[in-house]
Structures are given as structure tokens and as C-alpha cells.
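None of the figures in this text is laboratory data; all of them are computed from the coordinates on show. Only a predicted model underlies this, so the values are computations on that prediction, with no experimental measurement involved. Cβ coordinates were reconstructed from backbone atoms using ideal geometry, including for glycine residues, and neighbour counts include every protein chain displayed.
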Amino acid sequence: MTQNGTSTTDPSQQPASSVSTGAGSAHGSQVTWSYRHRLPIRLTHWVNVLCLVILLMSGLQIFNAHPALYWGNRSDSDKALLAVDSEVTGSGGLVGITTIFGQRFGATGVLGVSRDSYGNIQRRGFPTWSTIPGPQWLAMGRRWHFFFAWLFVINGLIYVLYSLLSRHLSRDLLPTAHELRGIGRSVVDHLLFRHPRGEAATCYNVLQKISYVLVVFVLLPLTLLTGLTMSPWINTAFPQLLTLFDGRQSARTIHFVVAFSLVAFTLIHVFMVLVTGLWNNLRSMLTGRYAIKQALGESHDTQNRH
């Protein structure tokens, strides 16, 4: 059975027996069905997808109320690390200006200046299509953000608890010393689009394991803690958080950077799903079933190359 990237070859535990399709047999191959992801993993995965999308878009709604980032406790406009603004040109038009560490860049149409849903030019941080609920609704944006943030936390705790109790963490996610020594080879394989096939494709490679561990146990907790640090009520109850992150504005900046780190992770994750077999990967996360194609006579217990 394949469970979340780990498989055994005990036939009595296989959710579906090996099946040779007609077309596959004609080409000297067979298809074996493996149970790749258990139900709790699949459910928490899709809840995460929903929460992350809404948290990002409602977070951009909140950011647009003051589209600048600072370090420390103060919002000093002269010392902004990042600022999204607009300027009036000599001809009377508007241009978007993004300033990062003192360097100015034009970003009209995306940052600073963009069109609303009616096609009108307007000043705003991120464009209308990237924020919810609605183009400009700070109070409701905060409600959405807080509600889905707590749903995200509860879902994450369920995932971590299940991973510990089912040994999904120790068996499937934590890389071994042998795997860590093969990071260089894994990086080269990914750059050359050489991906595992057969039984090896059901296992997480070392780069996946490191990425998932960093996301689950570093980036997501950091997002939660920096989000709590921005709350005046939490600051009163736990002032140590302000010391830990060197001020509320520092926490806001870290929160923003981590959020876009998660966006980058998600984009890479989706790209890898596409290049390694969209339908097979999607089906395994919807139903748990993953198709393994092998040449006839090839051993079912293929060694994981990673």
C-alpha cells in the first residue's frame, strides 16, 4: 500500500490489485493502482487550499489600507522598506510607483495604479481582482481574514496531530541522513525534469520533504505568531511577542514576506504537479488512488531514486 508517499508490497493491503489495461498491454506495460493519500491528508489539503486563497486575498485587502512596510514599532514614511504609491505625471495621468529599500520602480496596472471593475483608473495598492471581499472593504476584509485564519490554524493542528499519530511525519516527511546527502543529485534531476517513475514516483523526494517540513513547521507557525503580534489585544496579554519580533511593524513586514513565500511555494508546487502528471496527481489527492505504470516483467518494488 502506498500511504502519503510510502508504499509496501503486501498484496493483502493493496486497495486495488494490479490491472493491465488493454492499451497498456499492447505496449508491454501494466498499471498498478496504489493508495497514495489517506482521507485525513486529502481533507486537510483542500481545506488549506481554500484558506490560503482567502487569507491571501483578504490580506491584500488589509494591506491596501496602508500599502507600506516598516521595521520596528513606528510607521515612518521616510524609512519604509517597501511602499506602493502613485504619482501624477506632467500630462495629468497617474503612474504607479513601488519603492523597495529606496529604489523606485514603475508598476502601473498592477501596483499603485490599476483599473477597477468598471475600467476606471484608480489609486490602490494591489488591484481590485486580487482582493476580497469587494474592491475596498477593510472591515469585512479583516473579518474574513480572522475567520479563515482560525479555520486554517484548527485544520493545521488536525493535520499535525494526525501526522504524529499515524507516523506520517516520521515515515514520509522527515528526510533521512542518506536522503540529505543526495540533495545535489535531486536538485539536478529537478532542473533537468528527470522525475521518478513507477513505485518511486509515489514517494516524496528529499526536496519535497524539506519543503513540506519548512512550510508546516517554520513558515506557517511564523505566519500565525506575526499575525498575533499585530493584534493590540494579544500585545497586552503577551508583550513578549513584540520583543521577539522587534515591534508590531516588524511583525507586519515578516508576515507579508512569509505570505509571499507561501505563494512562491504554492506556484512551484502546482508547476511540479503539472509536469509530473496533472490528472494522476489530482486524482490521488481527490480519491487517494495513484496509477503506477511499469513495463511488463519489471519489479513492482522499484527502489526510490531519491
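Normalised by the number of residues in segment 208-261, the average gap of Cα pairs under 8 Å and 6 or more apart makes the relative contact order 38 percent.
With the convex hull of its Cα atoms as the shape, segment 61-158 has an orientation-averaged projected area of 8.2 nm². With contacts taken as Cα pairs under 8 Å at a separation of at least 6 residues, segment 70-125 carries a relative contact order of 25 percent. By other beta-carbon atoms within 10 Å, ranking GLU87, GLU179, GLU199 with the fewest at the front produces GLU87, GLU179, GLU199.
Across the chain, the relative contact order, built from alpha-carbon pairs under 8 Å that are at least six residues apart, equals 24 percent.
Summarising the amide proton neighbourhood of LEU94: residues at separation of 5 or more, or on other chains, whose placed amide H is nearer than 5 Å comprise THR89.
Which entry is the computed Rg/Rh (Cα atoms, Kirkwood Rh) for this structure: [x] 0.97; [y] 1.06; [z] 1.16? Recomputing Rg/Rh (Cα atoms, Kirkwood Rh) here picks out [y]. Counting only Cβ charges, +1 for Lys and Arg and -1 for Asp and Glu, the dipole size of the chain around its Cα centre is about 200 debye.
Think of it as helices only: each DSSP H run of n ≥ 4 in the chain is worth -39500 (n - 2.57), and spread over all residues that comes to -14500 deg cm²/dmol at 222 nm.
Residue-wise HN-Hα couplings along segment 288-294, as the Karplus relation 6.51 cos²θ - 1.76 cosθ + 1.60 with θ = phi - 60° gives them from phi, are x, 8, 10, 8, 10, 9, 9 Hz; Gly and Pro carry x. Just check segment 70-125 against the gyration tensor rule for me: Cα atoms, a ≥ b ≥ c as the square roots of the eigenvalues, rounded for a/c under 1.5, and otherwise prolate or oblate depending on whether a/b exceeds b/c. Judged from the Cα gyration tensor, segment 70-125 comes out prolate (a/c at least 1.5, a/b above b/c). Database remark: amide H of LEU81 closer than 5 angstrom to the amide H of LEU69, TYR70, TRP71 (H placed geometrically; neighbours at sequence offset of 5 or more, or on other chains; Pro and chain starts carry no H). Each residue of segment 102-117 was assigned a 3J(HN,Hα) from its phi angle through the Karplus curve 6.51 cos²θ - 1.76 cosθ + 1.60 (θ = phi - 60°); the sequence is x, 9, 9, 9, x, 9, 4, x, 10, 10, x, 9, 7, 8, 7, 5 Hz, with glycine and proline shown as x. With θ taken as phi - 60° and the Karplus curve 6.51 cos²θ - 1.76 cosθ + 1.60 applied, the whole-hertz 3J(HN,Hα) list for segment 69-74 is 10, 9, 10, x, 9, 9 Hz, x standing for glycine and proline.
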